[in-house]
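Take a look at the structure below.
The values are calculated or read from the model by the stated rules, or taken from the named source; none is laboratory data. Keep in mind that what you see is a predicted model, and the values were worked out from it rather than measured. Reconstructed Cβ throughout: ideal geometry from the backbone, glycine too, with neighbour counts over all protein chains shown.
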């Protein structure tokens, strides 16, 4: 009987540990601010304020304020309606409502397009990967030699890296492309991930696999090969033109890149965004999901820990 009680207690404790990191998970953003001019700031709690310099996605609980030269366009993600935010104004996002505390917000006008459902779906999926395993030491998992790669990815002349998880500081790799001669990729003890540039490969589809080696020889060979598609220079010109039209909206940019199969380019865009905007923690699940898609499990786990730590600071 005592053993049964202990087992039940262990299971309850385990369930709490597994689910505790999801307690603070946020719903998707409910609005975004675009066409930002002058002094515009946001706050996640109404106390600490950060400048807004590019398209900003806004979550319930956020506050916005503008200075004497500040303005912007607020777009409700659910309705697709837009409103002009004037100078010397302050707003609070409460659920799906926008509360004007001071200043002015124009009457709503209908926008031509809304990607709210796409954003909802993406955030719902991304939340699956924000759970962290309490009590697990990441260092214990560093030397998992089973290196998996994304099954299909597109590269271009300007975004030509294949990436995979750095299995262990002393492990090296053999990259086999189109069943050709193995390419030696040396150990990179301090790298977050392994990158290999395939810019010299011909336009079109190629197969590849990554084999893992320690000092004694091969320790892992994947059962199946992956594929990468090389985009032509002309195709990249067309892609760049679309990205220029998108502007500084990180969600639209990465969403478009992923639609083209350019998952590494999307990850790099996310990484650059969070280097420049480390305070934008509520958007971090999108980077976490990007790591998951690219099989970069160690980076996904560390980023999820960073995300959850940021959420806990808000309470």
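It is to be established whether one or more residues within region 203-213 are in contact with a strand residue (DSSP E or B) (Cβ under 8 Å, 6 or more places away or on another chain), over 29 Å from residue 284 (Cβ atoms), in a loop (DSSP other than H, G, I, E, B) and in the same structural domain as residue 298 (by TED's automatic domain parsing). Checked region 203-213: at least one residue is in contact with a strand residue (DSSP E or B) (Cβ under 8 Å, 6 or more places away or on another chain), over 29 Å from residue 284 (Cβ atoms), in a loop (DSSP other than H, G, I, E, B) and in the same structural domain as residue 298 (by TED's automatic domain parsing). Against the condition closer than 18 Å to residue 290 by Cβ, surrounded by 15 or more Cβ atoms within 10 Å (Cβ to Cβ) and in contact with a strand residue (DSSP E or B) (Cβ under 7 Å, 6 or more places away or on another chain), how does residue 193 come out, does it pass? Yes. So, in region 1-46, exactly how many residues are at pLDDT below 95, outside any helix (DSSP H, G or I) and more than 26 Å from the chain's Cα centre (by Cα)? Of the residues in region 1-46, 1 are at pLDDT below 95, outside any helix (DSSP H, G or I) and more than 26 Å from the chain's Cα centre (by Cα). Taken over region 47-95, the residue count meeting the criterion of being in contact (Cβ under 8 Å) with a residue 40 or more places away in the chain, in a strand (DSSP E or B), out of contact with any helix residue (DSSP H, G or I) (no Cβ under 9 Å at 6 or more places or on another chain) and over 14 Å from residue 35 (Cβ atoms) is 3.
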